[in-house]
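Here's the structure, in structure tokens; my notes come after.
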């Protein structure tokens, strides 16, 4: 099977006013998704709509590495081209609360080859998080070793990855992949969330971005 995931992400979020939603979807459906997916090193992607949190819409692209975002094929063929289209069609293609962030994967460090051939998950839960420098090392140790691993055993949780921003803010992104929208509302999830006393020390130091955490439903591919 073809590789669909690497070590980076490009994430584009926006809130779109109802009167511009048709134009926004047309912008993606009539070429934007295909143009990005055609760039060498862009391995796959999907579009999502928020069920909880925000911004409302997300275009998510899987990258071989974040170096793709510095390539001529991406800059000349997608980024600057898309900027010109958005300027002509704004606010339909930009909207509000617009985020265009690039990320490098930091967890897991080594990915199972089978996982690298997965398509876009049907549902996502994402946290966009900042942390004080004084707590940063402990925060990462806690997240990678104590916080995420038990969630992977919760029914309906298909996987989890963490990223650090190379473009944009907040600094950290957590992406959980779900089989359905209510995984994080389950009793099993709640039990895991508060099972480790270490969480009560680190969690209050986390600063979530507006609309984070959010739960998203995939709208492309359908």
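The values are calculated or read from the model by the stated rules, or taken from the named source; none is laboratory data. Quick caveat, the model's predicted, so the values are computed rather than measured. Here the Cβ is made from the backbone with ideal geometry for all residues, glycine too, and neighbour counts use every protein chain on show.
Here is how the numbers come out for the structure above:
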quantity	calculated
Hits in region 1-11 - residues which are touching a helix residue (DSSP H, G or I) at 6+ places or on another chain (Cβ under 9 Å) and under 27 Å from residue 213 (Cβ atoms)	4, 5, 6, 7, 8, 9, 10
Positions within region 201-222 being closer than 22 Å to residue 8 by Cβ and part of a strand (DSSP E or B), in sequence order	214, 216, 218, 220
Residues of region 30-48 classified as touching a residue at least 24 places away in the same chain (Cβ under 8 Å) and either farther than 25 Å from residue 105 by Cβ or under 12 Å from the mean Cα position of the chain (by Cα) (or both), total	4
Odd one out for residue 51 among (1) in a strand (DSSP E or B); (2) closer than 19 Å to residue 167 by Cα	(2)
Residue match in region 7-18 (condition: on the phi < 0 side of the Ramachandran plot, assigned to a helix (DSSP H, G or I) and exposed (fewer than 14 other Cβ atoms within 10 Å of the Cβ))	yes
Flag if residue 97 is modelled with pLDDT under 95 and either part of a strand (DSSP E or B) or in contact with a strand residue (DSSP E or B) (Cβ under 6 Å, 6 or more places away or on another chain) (or both)	yes
Selected residue [in a helix (DSSP H, G or I), at pLDDT below 95 and over 22 Å from residue 126 (Cβ atoms)] from 2, 92, 67, 22	22
Hits in region 107-155 (condition: within 22 Å of residue 212 (Cβ to Cβ), free of Cβ contacts under 8 Å to residues at least 60 places away in the same chain, assigned to a loop (DSSP other than H, G, I, E, B) and within 18 Å of the chain's Cα centre (by Cα))	108, 152
Filtered residue count, region 156-200, keeping only those that are in a loop (DSSP other than H, G, I, E, B) and in contact with a helix residue (DSSP H, G or I) (Cβ under 6 Å, 6 or more places away or on another chain)	2
Residue match in region 42-49 (condition: at pLDDT 90 or above, surrounded by fewer than 18 Cβ atoms within 10 Å (Cβ to Cβ) and farther than 24 Å from residue 147 by Cβ)	yes
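Each row is one residue, and each column tells you yes or no for (1) crowded, with 19+ Cβ neighbours inside 10 Å; (2) at pLDDT 95 or above; (3) under 20 Å from the mean Cα position of the chain (by Cα).
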{"residue": "176", "(1), (2), (3)": "yes, yes, yes"}
{"residue": "179", "(1), (2), (3)": "no, yes, yes"}
{"residue": "182", "(1), (2), (3)": "no, yes, yes"}
{"residue": "188", "(1), (2), (3)": "no, yes, no"}
{"residue": "201", "(1), (2), (3)": "no, yes, no"}
{"residue": "215", "(1), (2), (3)": "yes, yes, yes"}
